[in-house]
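Working notes, beginning with the structure itself.
The values are calculated or read from the model by the stated rules, or taken from the named source; none is laboratory data. Quantities reported herein were computed from a predicted structural model and do not represent experimental measurements. Glycine gets a Cβ as well: all are built from the backbone with ideal geometry, and neighbour counts include every protein chain shown. Ligands, DNA and RNA are stripped out before the accessible areas are found, and what is left, the full protein with its side chains, is counted by its heavy atoms. Shrake-Rupley method; radii C 1.70, N 1.55, O 1.52, S 1.80 Å.
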Amino acid sequence: EAYFDASMDLCNVAPELKLKPEVSAPGVDVYSSVPGSGYSSAYSGTSMAGPHVAGIVGLMREANPDLDVDTIKLILMQTARDEGTAGEDNIYGYGFVDAYAAVLAAMEGFGSLEGYVRNASYGNLPLPGATVTLIGTTFDWSTDAAGFYHGSASANSYTARASLAGFADQEVGVIVNDGAPTVQDFAL
């Protein structure tokens with residue numbers, strides 16, 4: 001348990017726990033919205049850096065919705081670009097956050113599922129607005145105007161269901177492979 005020892009003016013924690021921040025992000029002269037429908041680059045500090053990290057976490061969770069908080073933190077630290085003194089330090093922590101590297105690391109163990117949903121009764125026309133769901137998961141995607149859907153999912157075996165009001169659902173077994181797209185078309 002950490003506590004502040006006023007007589008020594010030091011935190012009473014192990015040396016490795018005294019290093020802060022854990023990562024750094026853009027936080028000086030950040031271009032941001034201001035009251036009155038304007039923009040300014042006069043803002044600095046953690047209030048500007050925090051949203052950058054939150055945005056990266058959002059991208060990571062989009063790529064891999066199953067990530068837990070501890071794994072997200074670990075990925076952010078492991079993929080940070082080392083700056084300043086080599087290794088972890090009190091200026092940059094583990095380094096400067098790298099959104100691309102963090103999202104790639106978050107996708108390990110993930111693949112994608114994509115394909116088309118078409119109208120089997122009427123010339124194989126695309127079915128926009130259809131939903132493709134991996135049954136028993138939170139993974140589902142809607143088709144676009146061309147009847148195309150695409151999304152990331154954990155590498156695993158699933159039952160996929162395509163559905164659209166007015167059509168009979170279609171269910172098929174699919175295997176999502178790590179790091180590779182799986183193509184599954186549906187004809188409703």
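About the Cα centre of the chain, what is the dipole size in debye to 20, counting +1 per Lys and Arg Cβ and -1 per Asp and Glu Cβ, all else neutral?
Roughly 620 debye, rounded to the nearest 20.
Give the carbon-plus-sulfur fraction of the accessible surface of region 61-188 in %, rounded to a whole number; probe 1.4 Å, heavy atoms of protein chains only.
Of all accessible area on region 61-188, carbon and sulfur atoms account for 52 percent.
Stretch Thr85-Asn124 to full length: gain in nm at 0.36 nm per residue minus the Cα-Cα span?
Working it through step by step, the gained length comes to 8.0 nm.
In whole Å, what is the distance between the alpha-carbon centres of region 164-188 and region 26-47?
Answer, in whole Å: 44.
Please work out the average accessible area per residue across the chain, using the 1.4 Å probe convention, and give it in Å².
Per-residue value: 59 Å².
Applying 1/(1 + (r/R0)^6) with R0 = 22 Å to the Cβ-Cβ distance of His150 and Ala101, what FRET efficiency is obtained, to the nearest 0.05?
0.45
Mind sorting out which of (i) 61, 39, 28; (ii) 57, 49, 31; (iii) 80, 44, 28 is the real Cα extents along the principal axes in Å computed from the coordinates?
Among (i) 61, 39, 28; (ii) 57, 49, 31; (iii) 80, 44, 28, the one derived from this structure is (iii).
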